Structures are given as structure tokens and as C-alpha cells.
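Engineer: This is the structure, below, for whatever I ask next.
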Amino acid sequence: MEARADVVRRSIRLAGVVQGVGFRPFVHRLASELGLAGWVLNGPQGVEIEAEGAAERIDEFVRRMLDDGPPGAVVSSHEISAVAPRGESRFAILESCVIGVRKPALAADLAACEACIAEINDPASRRFRYPFTTCAACGPRYSIVEDLPYDRRFMSMRQFAMCRECAREYNDPSDRRFHAETIACPMCGPKLSVIDAMNRELASGDSALHAAAEAIRRGQIVALMGIGGFQLIVDALNESAVGRLRERKRRPDKPFALMFSSLELVREYCALSANVERALTSEAAPIVLLDRLERPAPNRPALAGKVAPGNPRLGAMLPYSPLHSLLLAEIDRPVVCTSGNLSNEPICIETEEAIDRLTNIADIFLTHDRAVVRPIDDSVVSGNAIGIRMIRRARGYAPVAIDLGSGGPSVLALGSHLKNTVALAVGREVVMSQHIGDLGSAPARTAFRRTLDDLRSFLPCRIDLLACDLHPDYASTIVAEQLAAELCAPLVRVQHHHAHIAAVAAEHGLEEPVLGFAWDGSGYGLDGTIWGGEAIVVRGAGFERVATMRSFRLPGGESAVREPRRSALGALHSAGLEPPASVLGWFEGEMAERLLGILDRGHVPVTSSIGRLFDAVAALCGLRGIATFEGQAAMDLEYALDASADREGAYPVMVQREDELLVGDWKPLLEAVLADLRTGVAITRISARFHNALANFALEIARAAGLARIATGGGCFQNEYLLHRVTTRLESAGFQLFAPARIPINDGGISFGQVAAARRAARESEDVPGRSR
Ligand code: ZN
Ligand code: ZN
Ligand code: FE
């Protein structure tokens, strides 16, 4: 006596991150619970479902599917249409269909879930202490995928044939591992081994894990094959071991990230807040930059000083794979966990390659036979009480698409030269690659080409537009020119600082016009000089430079980036000020004399960069003459601040009008710094007055421009205090401030900004009057 008239059948298509996140099993369970019939499959564009049953049950099905999806799933769009009921009684998962025009969205690598971690710690489980335990809701994704749809036969798991027990779980709708493509167990799955630099196996399985833990406890350096490639691990409490890692990696000062076995242990060393706890324990499991406690909790040994010398912050992460979790539990202390590479090169992903390239760094290698398909670094986010901001977007975030809010032509953007990422926009979505790094080395440029190929093969489409930086000599620009010729696609060259601001505007969907402060180390300017202290108004496809900093000659160009002493000399020379002993002291022999001669003759690059101004002031204050990594001197100056900075005064910056351009003259600022140094004012206060001067300058420019919406972009704003000060000063004067959160504020966000600017340019050319749209 069933009222068959009530039965309806709906075809439902879901797009977004819906493959490789346990979506089909979830749909299956939900349909079974609601007594619906039909099927689900991984289609070429996402998940496709047909569901049949009572109308209100179908409504509930759709609602819960959209609201309560499995962790890691992001439904970006859905379509529902009515189809004729078929009188089916079962709900089934059908085979993936491989043919289609556009491939579905890719999922990022997901940290091990609680259930899997509980299982590896349960002596009764058949996966007790098994380091490759995963389920439908967790485990590696993008790092092991060769092709789509997300299916075992298209990933590096394909060489492991499921044993009977795993196959049973895989086919059991009530099991957590129902259709878990990375399913494995000690019987059938990947295996761990420890090898030495001669590629001799020293131990395997659980004894390999014990051997590696023992080596770390003894102060050795272990190269571990993780999710996105090799990492170097060393005891963070052992000063000489950390020192050895620094020497061997030729990385004297740049802070190392740490891995802690638990959130509780992080709390013994760092200040936590709800925001940062959420980030640490999220599925992406990034490195989170945290304020370190002045001293660790009682009974906790101090970290080695060489972990992050002179740095009040620590980069911390939690174990994000069962392998990391087992190893950390075994070692029972924080470890340094840094990428397994040589400086400025991509991380090693293959064991042979690691032995070859890391042999002078690592003592032993903890490796396995589940191949890593592409290198993906650990992501870095910065956290404080206000929120989380992306610093390096890689494992756990890339390649999840970002919604642009509207469609347009497809754009392939090749990004910046430093901290490179590339991006491909198709329809409303843009997929940004993982962090690739500086394109200065040949291996980095190879990784860059390979990442471009990856994006294009995962998102096959006709490329309508290419976008690149304005700099004619960037490796990315040269590749963009080649591709433009190959694909017969127009190339849009986007000025660096325009891209910074376009990225912020696009992330927040800001209505134009927008005033943007783009402050960074360097970017090629429209006039061929090096910009970096710019205020621009973005309107339509173009931008207008409304303010900048007084520019100065930089002796040595490229080498000046690594030598704050050169910025100090250049700035003082330009202002007609005598270099004090504190600056001259940074130079050996006749070097200062020689550079001053070069400055007089003037055949050197000219810059308006605020990054270089930070360098100059840091060198002037005696903090640093030569840096070992980009931004180090600016960090010194930031870390010289204390809690009283907000109450400190500000140095003067004189704003002058030169034609249409406002120019901030920092000569009075330098004079005041020199005077303070002479009278012995503490560096803490000098630094505060300098930071506050920049915020005052921004306020004056904002008032002159008279626009309500203001974006901040560029590497200088990684400086937490500078961003805070500029934001609060301008907000209290009634302006609305926007900083990027999901997109890196540094050059890692340039590809995203290039996409936005190129889309805008394309729309503009369509808007030509008389042309139909
Ligand atoms: Zn799991
Ligand atoms: Zn098995
Ligand atoms: Fe930049």
C-alpha cells in the first residue's frame, strides 16, 4: 500500500573538492540511512548522483549532503534536476567514468584523522604501529596523484594490490575504509626501511622506526621521506646536533620549524590561542608561527638556541602522518623538521635522489616505497589572536581551488621570481600551485616547468590568456613568452605591485577603486627602476601610482639584497649624510670608499623600496650588515620592538608633491635616527619610531587619496607590527583596511594577483563601446 506517487528521482551533480575525501562512501551511507535508492560515481567534473525515494527524504538527503560533508570536502557548486523514477531498491557506488571534458577538482593532502591515529596505537588493531594507515577521510592526496579521477589506479598506491582483508573493508559500505583509495595494511601496503648513505638497508618495518628514533635521540640527522618529499629531522634540544644541521645545510640563521608530538607539548614552549590551535590541528596541519614563551614550562628543557636564533617566534607543527606520529611518540621531545633540500632548491622526493643530494647532510634515511609524485613543502601560516594569515601555501592547501566569484577567460599566470607559485583560472575558480620557491637555480626552474605541466594536465582547457611579471629578465617571464608563442595566446604583463594589490582586491571581492599600499623588497617598476614603497589606485584594468618613497641608489644591485650595509650606504649618500662609524664598521678595507665612488658616478640601480629602507635602518642601528636570507635585517628590526612600541612616537617623513606623485622623503627620518644613535637611545625605541613613521606616512597618503577601501600587500607586511600599526592607524581614521588571509601577502600571492589583473584587462577590452558582448 505504498504511495508510489510520492517517489521522485533526482540527478545531482556536485563540483568542488569532492573526490578523494570520502565523499562517495559518505553519500552511500547517507542514502542508506534515508532509505533511498540509486547510485553515486566519480564523474569527469565531480561527483554524480541519482537518488530515488520520497520527496522529503530526497530534500533531506541534499541538505545533509551539502551541510555535513566529510572533512576536507568543499562543494563549490551543485545542480539538481528531475529524472524519471526507475523503481530501484538499492543504492550503489558505480565505477568511475574516465571520459569527460573537464577534470574534477583536486584534493589537498589531509592530515591523519583521529580514528586512524587511535588505530595505530591500539595493540588489538591489525594496523597497530602501521605508518601508512589511512581511511576514506584522511591521508595523502595531491602528493601521490598522477592523474584523475581520484582513484587508486591513478596514484602511486597502484603498485600495492589490496589483501583480502583490505579488499573486504574497501567493499563494505559500513566500513570507514569503504572506497578509501589509499587503503593499506602491514600485509599488503608500503613498507618502511632505514638505509645508509651507501643505500644499504639497516632495518625495516617497526625496527626501522626504532632505529631512526634512536639515531635522532643520539643527535644524528635523519632524512625522512614524508608526505611531500624528504625532511631533515634532528633533536631540537641538542645544541650541537642542531648546529651540525646548520653547518651541513649551509643555513646559518634562518629559523628552523619544529614538530611537537602533541598540542600539550607545544603549549609548554609557545603561547596558544583558539585561532592558532585550530590551525595547528586542522586537516592541513601547517607550520604555525607562534609567540614563544620567555622560558619553557617548568621541568621542560630549553630548546637549542640555534633552532631560531634571536627570534621571539617559533614555527611549530604537529605530526600529520601516522609515520610522524609514531616517530615523535618514540623520540618524546620536540624535533627540528626542515625541508630536505639544498638552499633554494626544491625538496627531494625520491630515495636515490635524496641519497645523492643529501648525503653530506643526513646520517641515515628513513624511507619507504610509496612514491611521492611531486614535491610539496610544509605550509606556513602566521597566527595571532586576531587570525591566521598564509605565508607559504603548499601541503594541505594546494591545489584546492579558490572561488573568484565570477567567470571569465581561462588565464595561466606564471608568478614572480622569488617565492614563485603559478596559477590557472578556469571559469570561476583559480587553482594556485604549491610554493615552488626562488627561480634562481636550475632545479627550481625544472620544478617550475613541471608544475605548469601538472596544472595544465589536471585542468585541461584552452588557455585564453597568459600573465606574467613586467620584469623582462625573470625566468618566469621568459617561459611566459615562449608559451604565448606556442599557444597563440595574448600575454598580459602585470606590474609587480599592481599584482600584489589586485590579489588582495580579488581575495576580498573589493569594489573599485581601491587604494593599495604595496611595500616590499623589490619589483620592476613602469619606469625601469626598482619599486617597493608604492601606493597605487587600482581602477579597471589599470592602476595609477599615487605615492612612493624617495628613491636612492643601491650600490651593487642584486648583492645589495643580501647586504643591508649597502642599503645604508646608498640611502645616506642619497640624502647627503655622512655615514657614521656604525655603518662604515660593516665594511672591510677600502670597500666603503670604493662603493661611495660608485655611488657618485651613479651607474647603479635606483630603488624606492621600503624593504631596503628597513635594511638601511637595521644596518645603521648596528643590527646587521650582511644577511644570510632575504628579509633577515627587517626581522631584526621588528624583533627589536617590545610591548611599548604602540606608545612610542614617530620619526618624521616629509611628504612632497612631484607632479602627480606624492613622495615620502625619509631624509628627516634618517637624521633623527642618527641623532638618537648619538645620544644612546635604545634600539627598541628607534625601531618603534621607525615603524610608527611608516604608519603615519600611510595615513597621510590615505587622506590625500581620499578612497575608503585600502589594501595592504607585499612582503614588508609580513612584519606583524607594521601591519597592525598601519591597520589600526588607518581604521581609526575611518578607512577600511584589507589584508590577504588565504593568499600569501608576499610574492607567493603574485600569480593570483596576475590572474585577477589579466581577467580585468580582458573584461575591459570587451567593454569597448560599439562591440556587442
Ligand atoms: Zn583516517
Ligand atoms: Zn591489506
Ligand atoms: Fe613583492
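The values are calculated or read from the model by the stated rules, or taken from the named source; none is laboratory data. What you see is a predicted model, and the numbers here were worked out from it, not measured in a lab. Positions of Cβ are generated from backbone atoms using ideal geometry, with glycine treated the same way; all protein chains shown enter the neighbour counts.
Engineer: Name the residue, out of ILE221, ILE195, that is surrounded by fewer than 21 Cβ atoms within 10 Å (Cβ to Cβ) and more than 16 Å from ligand 1 (Cβ to nearest atom).
Structural biologist: ILE195
Engineer: Do the conditions hold for ASP636, that is, is it among the charged types (D, E, K, R), within 30 Å of the chain's Cα centre (by Cα) and assigned to a loop (DSSP other than H, G, I, E, B)?
Structural biologist: no
Engineer: Spot the failing condition for GLY189; the list is (1) away from ligand 2 (no atom under 15 Å from the Cβ); (2) under 33 Å from the mean Cα position of the chain (by Cα); (3) not aromatic (Phe, Trp, Tyr), and only one is missed.
Structural biologist: Exception for GLY189: condition (1).
Engineer: Let me ask you something else. Which one of these is over 25 Å from ALA208 (Cα atoms), at pLDDT 95 or above and not charged (D, E, K, R): ALA385, ALA308?
Structural biologist: Of the residues listed, the single one that is over 25 Å from ALA208 (Cα atoms), at pLDDT 95 or above and not charged (D, E, K, R) is ALA308.
Engineer: Let me ask another. Just the residues that are crowded, with 18+ Cβ neighbours inside 10 Å and farther than 19 Å from GLY576 by Cβ, please, taken from region 587-604.
Structural biologist: Correct list: PHE587 only.
Engineer: Additional query: Which ones in region 146-173 are away from ligand 2 (no atom under 16 Å from the Cβ) and without any contact (Cβ under 8 Å) to a residue 40 or more places away in the chain?
Structural biologist: ARG153, PHE154
Engineer: Checking SER765 against (1) hydroxyl-bearing (Ser, Thr, Tyr); (2) modelled with pLDDT under 95; (3) in contact with a helix residue (DSSP H, G or I) (Cβ under 8 Å, 6 or more places away or on another chain): exactly one of these is not met. Which one?
Structural biologist: Going through (1) hydroxyl-bearing (Ser, Thr, Tyr); (2) modelled with pLDDT under 95; (3) in contact with a helix residue (DSSP H, G or I) (Cβ under 8 Å, 6 or more places away or on another chain) one by one, SER765 breaks only (3).
Engineer: Same structure again: Kindly list, by first and then second residue, each pair from a residue in region 521-533 that is within 14 Å of ASP469 (Cα to Cα) and of a type in the set (Phe, Trp, Tyr) to a residue that is away from ligand 1 (no atom under 16 Å from the Cβ) and assigned to a loop (DSSP other than H, G, I, E, B), limited to pairs with Cβ atoms under 6 Å and residues at least 6 apart or on different chains.
Structural biologist: TYR524/LEU470; TYR524/HIS471; TRP531/GLY525; TRP531/SER608
Engineer: Now a separate question. Could you please find all residues in region 419-429 being at negative phi and either within 16 Å of ligand 1 (Cβ to nearest atom) or at pLDDT 95 or above (or both)?
Structural biologist: Within region 419-429, ASN420, THR421, VAL422, ALA423, LEU424, ALA425 meet the criteria.
Engineer: Residues that are out of contact with any helix residue (DSSP H, G or I) (no Cβ under 8 Å at 6 or more places or on another chain) and not small (Gly, Ala, Ser): does region 220-230 have at least one?
Structural biologist: Checked against the condition, which is being out of contact with any helix residue (DSSP H, G or I) (no Cβ under 8 Å at 6 or more places or on another chain) and not small (Gly, Ala, Ser), region 220-230 yields no hits at all.
Engineer: Out of region 650-699, which residues are crowded, with 17+ Cβ neighbours inside 10 Å, more than 25 Å from THR728 (Cβ to Cβ) and among the charged types (D, E, K, R)?
Structural biologist: The answer is LYS667, and nothing else.
Engineer: Test ALA619 against the stated conditions and say whether it is under 23 Å from GLY714 (Cβ atoms) and either among the charged types (D, E, K, R) or at pLDDT 95 or above (or both).
Structural biologist: It is true that ALA619 is under 23 Å from GLY714 (Cβ atoms) and either among the charged types (D, E, K, R) or at pLDDT 95 or above (or both).
Engineer: Within region 722-736, can one find any residue that is surrounded by fewer than 24 Cβ atoms within 10 Å (Cβ to Cβ), in a helix (DSSP H, G or I), more than 16 Å from ligand 2 (Cβ to nearest atom) and among the aliphatic types (A, V, I, L, M)?
Structural biologist: The answer is yes, given that some residue of region 722-736 is surrounded by fewer than 24 Cβ atoms within 10 Å (Cβ to Cβ), in a helix (DSSP H, G or I), more than 16 Å from ligand 2 (Cβ to nearest atom) and among the aliphatic types (A, V, I, L, M).
Engineer: Moving to a separate point now. Criterion first (within 30 Å of PRO579 (Cα to Cα), assigned to a strand (DSSP E or B) and either within 16 Å of ligand 1 (Cβ to nearest atom) or among the aliphatic types (A, V, I, L, M) (or both)) does VAL681 satisfy it? Can you show your working first?
Structural biologist: Values: within 30 Å of PRO579 (Cα to Cα): yes; assigned to a strand (DSSP E or B): no; either within 16 Å of ligand 1 (Cβ to nearest atom) or among the aliphatic types (A, V, I, L, M) (or both): yes.
So VAL681 does not fit the description; no.
Conditions (1) of a type in the set (Ser, Thr, Tyr); (2) buried (at least 20 other Cβ atoms within 10 Å of the Cβ); (3) at pLDDT 95 or above; (4) not in a strand (DSSP E or B), marked per residue:
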site: MET157; (1), (2), (3), (4): no, yes, yes, yes
site: GLU165; (1), (2), (3), (4): no, no, yes, yes
site: ARG168; (1), (2), (3), (4): no, no, yes, yes
site: HIS179; (1), (2), (3), (4): no, yes, no, yes
site: CYS185; (1), (2), (3), (4): no, no, yes, yes
site: GLY189; (1), (2), (3), (4): no, yes, yes, yes
site: ALA208; (1), (2), (3), (4): no, yes, yes, yes
site: ALA212; (1), (2), (3), (4): no, yes, yes, yes
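Engineer: Taking into account only those residues within region 578-590 that are modelled with pLDDT of 95 or more and aliphatic (A, V, I, L, M), which is farthest from LEU677 (Cα to Cα)?
Structural biologist: Of everything passing the filter in region 578-590, LEU584 is farthest from LEU677 (Cα to Cα).
Engineer: ARG395: at pLDDT 95 or above, part of a loop (DSSP other than H, G, I, E, B) and of a type in the set (Lys, Arg), yes or no?
Structural biologist: For ARG395, the condition - at pLDDT 95 or above, part of a loop (DSSP other than H, G, I, E, B) and of a type in the set (Lys, Arg) - is met.
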